[in-house]
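Participant: Can you keep this structure in mind? I'll have questions shortly.
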Amino acid sequence: MRDRIGCRAAERRVSSKSYRLGRAAPRTRRPMNEYEVTYILRPSLEEAEVEERANAIGEIVKSQGGEVSGIERLGKKRLAYEIKDVREGNYVVMQFKSQPGVSKELERQLKLHDDVLRALVVRLDAKMLTHMAALAAAAPPAPPASA
C-alpha cells in the first residue's frame, strides 16, 4: 500500500508546472489530413438544390476548422442497386483538409441528412495524392469556350 501512495506522490511532483497551477497543459495541434467524401443525393432534387446541399455540406467542414479543396458534381447517375426504393442519385465528390475529428463529425452529419442516400469518407494517403497530381497534370486542357 505504501508503494502505491509513494508512486502517486512522485507522479504529482514530476507533473508539469501548468498542471500544478490549475491550468490545462497546452494541446498540440495535429497535422491536417487530406480527405475525400463521395455522397449520393436524392434524384428528385433540382440542380440548384444539389448545388445548395453541396455548399451546405462544405460549410460543415469549414465551420469545424477544415478547408475545402474542391467540390465536383458528377450529376445524376443510375445506382447499382436500389437504396430506399430509389434507382438514381446525384453524385457529389468533395476533397478537403481537416483534423481527424472533423471527418467523423461530417460522417455523422451526412447520416442524419434526409437528402443523402449514401456517403463514403476516405483519408487520402501520400501515394494517392501523388497519383491524383499526376492525373491532373496529364489531363488534356479544356477546349476554349466559343462565343
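Participant: Taking only the stretch 40-51 into account, find how many residues are touching a Leu at 6+ places or on another chain (Cβ under 9 Å) and either acidic (Asp, Glu) or part of a strand (DSSP E or B) (or both).
Facilitator: Qualifying residue count, the stretch 40-51: 3.
Participant: Then there's this: Among the numbered criteria (1) in contact with a strand residue (DSSP E or B) (Cβ under 8 Å, 6 or more places away or on another chain); (2) closer than 17 Å to Arg123 by Cα, which one does Pro31 miss?
Facilitator: Result: Pro31 passes all but (1).
Participant: Next question, about the same structure. Among the numbered criteria (1) touching a Leu at 6+ places or on another chain (Cβ under 9 Å); (2) more than 19 Å from Ile40 (Cα to Cα); (3) exposed (fewer than 15 other Cβ atoms within 10 Å of the Cβ), which one does Pro144 miss?
Facilitator: (1)
Residues are listed down the side, and each one gets a yes or a no for (1) at pLDDT below 90; (2) β-branched (Val, Ile, Thr); (3) surrounded by fewer than 15 Cβ atoms within 10 Å (Cβ to Cβ):
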site	(1), (2), (3)
Phe96	no, no, no
Gln99	yes, no, no
Leu110	no, no, no
Arg118	no, no, no
Ala136	yes, no, yes
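Participant: State whether the residues of the stretch 111-125 include one that is part of a helix (DSSP H, G or I) and of a type outside the set (Lys, Arg).
Facilitator: Looking through the stretch 111-125, at least one residue is part of a helix (DSSP H, G or I) and of a type outside the set (Lys, Arg).
Participant: Same structure again: Six or more apart or on different chains, Cβ atoms under 7 Å: show the pairs whose first residue is in the stretch 89-106 and over 14 Å from Glu51 (Cα atoms) and in contact (Cβ under 8 Å) with a residue 40 or more places away in the chain and whose second is of a type in the set (A, V, I, L, M, F, W, C) and in a helix (DSSP H, G or I).
Facilitator: Taking only residues 6 or more apart or on different chains, the pairs are Phe96/Val61; Ser98/Val61; Val102/Val61; Leu106/Ile60; Leu106/Val61.
Participant: Note down all Cβ pairs under 9 Å where the first residue falls in the stretch 121-135 and is under 23 Å from Ile60 (Cβ atoms) and in contact (Cβ under 8 Å) with a residue 24 or more places away in the chain, the second is of a type outside the set (Gly, Ala, Ser) and assigned to a helix (DSSP H, G or I), and they're at least six residues apart or on different chains.
Facilitator: What qualifies is Val121/Lys104; Val121/Leu106; Val121/Glu107; Val121/Leu110; Val122/Met128; Arg123/Pro100; Leu124/Met132.
The values are calculated or read from the model by the stated rules, or taken from the named source; none is laboratory data. Since we're looking at a predicted model, the values are computed, not measured. Quick reminder, even Gly has a Cβ in these numbers, built from the backbone with ideal geometry, and neighbours come from all protein chains shown.
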